[in-house]
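The values are calculated or read from the model by the stated rules, or taken from the named source; none is laboratory data. In this text the structure is predicted, and so the values were computed from the model without any measurement. All Cβ positions, even for glycine, are placed from backbone atoms using ideal geometry, and neighbour counts span all protein chains on display.
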Amino acid sequence: MVEVETVLVMETAPIKFGVNATAEIAFDLRRLGVTRALLVTDRNLMKTGLPDRVRKLAAEGGVQVEIYDGVHVEPTDASLEAAVSFAQGRNFDGFISVGGGSSIDTAKVVNLLTTYPAPLLDYVNKPIGKGLPVPGPLKPHIAVPTTAGTGSETTAVAVLDIPALKVKTGISHRYLRPSLGIVDPLNTITCPPMVTAAAGLDVLTHAVESYTTRPYNARPKYNPAERPAYIGANPLSDIWCEKAIEYVGRYLRRAVMNGLDLEARTYMALAATIAGIGFGNAGVHIPHGLAYPVAGMVRNYWPPDYQTEEPLVPHGISVVVTAPAAFRFTYPAAPERHLKAAALLGADVSGVAVTEGAEVLPRTLIGLMRDVGIPNGLAALGYGEADIPALVEGALKQQRILVNSPRDVGAEELKRILLDAMVYW
């Protein structure tokens, strides 16, 4: 008889949330003992003046800050190694990330590889890398998100592309979590509509995947030292996921339609953070597993509002584009949860029999995607049936994520999901 898990663990980063919370960053840097920090950001965000404002705020508190603005729009192994090379030997005793998940994840990796130097692939998840554990605690890192999306300020994961392998992967370890997340809704005001939409749907898939993932007590018992960051759906993560789904249903359309709607921006920023707490402990499953090859194999899609010189499928689009098909597949494993997620998004599920509800959540998601301008399936991103074998192969490399699926999923199941996700309307 297999002994099942009985212990659940809830870990997250401390969060400071609110309008103009950024103004307190000098206090927080000093409290964490930081005297010389590297601020990690991107060139487009530099144009807004926010990174310079953060640097000046820190300087007023006696903290020296140097800015690195070479973050790639979706981090790659090469862009991460360039950031690490910049930071090596400069004696930084702390890090600040200002930007979306790309900047936050880049700072996580720079902190790791300058604290415990090793080849990047040593820490990358198996089977792509060696999956070695982080040897010990890292230096203080304050994350200042400027998108309401990844929730990376709360999570123990850093995501990267490896273009040579046409795959997206990551590094996962509890020590990667930032020391503090400063979540200031004012910092998201400059996000253009498609960036807002894609980031918001990343929030939603985080929350719905975590809400429907394989429960923690339906898994073999772990040795405490080997317990993964993603432990499965549990009563604690459910609280965060449910509220995040509700906020996205209420406020995402408003934030996309009017970027100056501060109430909508505030609740979307809150949704991103609390979804990060939920999925950072419970874990994601099929849509994120498929998202890695969908993003990694892109050939000819240029998203609106993203300033990029090369084809790109933003992370939020890559995850949500297969989500309706994936949740149609997972529905039989947890019908009540799928229907509850749809209800939290605003769907009327009264009178819907469990045996007849498989289309409710997919239909609700598709409606939201249409409303905020998301492409209507994989075909709109340039993929066709001929690409499915390679997409399946890439997804199967994401076993750390696919193992969380509430239904067993292999090559044939992934193929059916991808076919189902080609065109939605």
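Observations
- Residue count for the stretch 337-363, restricted to those that are assigned to a loop (DSSP other than H, G, I, E, B), closer than 15 Å to Pro324 by Cα and either free of Cβ contacts under 8 Å to residues at least 40 places away in the same chain or not assigned by TED's automatic domain parsing to the domain that holds Arg407 (or both): 4
- Taken together, the residues in the stretch 142-176 that are assigned to a helix (DSSP H, G or I) and among the basic types (Lys, Arg) amount to 1.
- The conditions of being surrounded by fewer than 22 Cβ atoms within 10 Å (Cβ to Cβ), among the small types (Gly, Ala, Ser), at pLDDT below 95 and assigned by TED's automatic domain parsing to the domain that holds Gly373 are met by Ala225.
- Search result, residues across the stretch 82-119 that are surrounded by fewer than 20 Cβ atoms within 10 Å (Cβ to Cβ) and under 26 Å from Ile317 (Cβ atoms): Ala82
- Residues within the stretch 180-198 that are farther than 15 Å from Ile317 by Cβ and touching a Ser or Thr at 6+ places or on another chain (Cβ under 7 Å), tallied: 8
- The residues in the stretch 1-18 that are in contact with a Gly (Cβ under 6 Å, 6 or more places away or on another chain) and modelled with pLDDT of 95 or more can be counted, and the count is 1.
- Residue identified as assigned by TED's automatic domain parsing to the domain that holds His338, in contact (Cβ under 8 Å) with a residue 12 or more places away in the chain, more than 14 Å from the chain's Cα centre (by Cα) and outside any helix (DSSP H, G or I) among Pro293, Pro311: Pro311
- Boolean, Gly89 is part of a loop (DSSP other than H, G, I, E, B), at pLDDT 95 or above and not assigned by TED's automatic domain parsing to the domain that holds Val313: no
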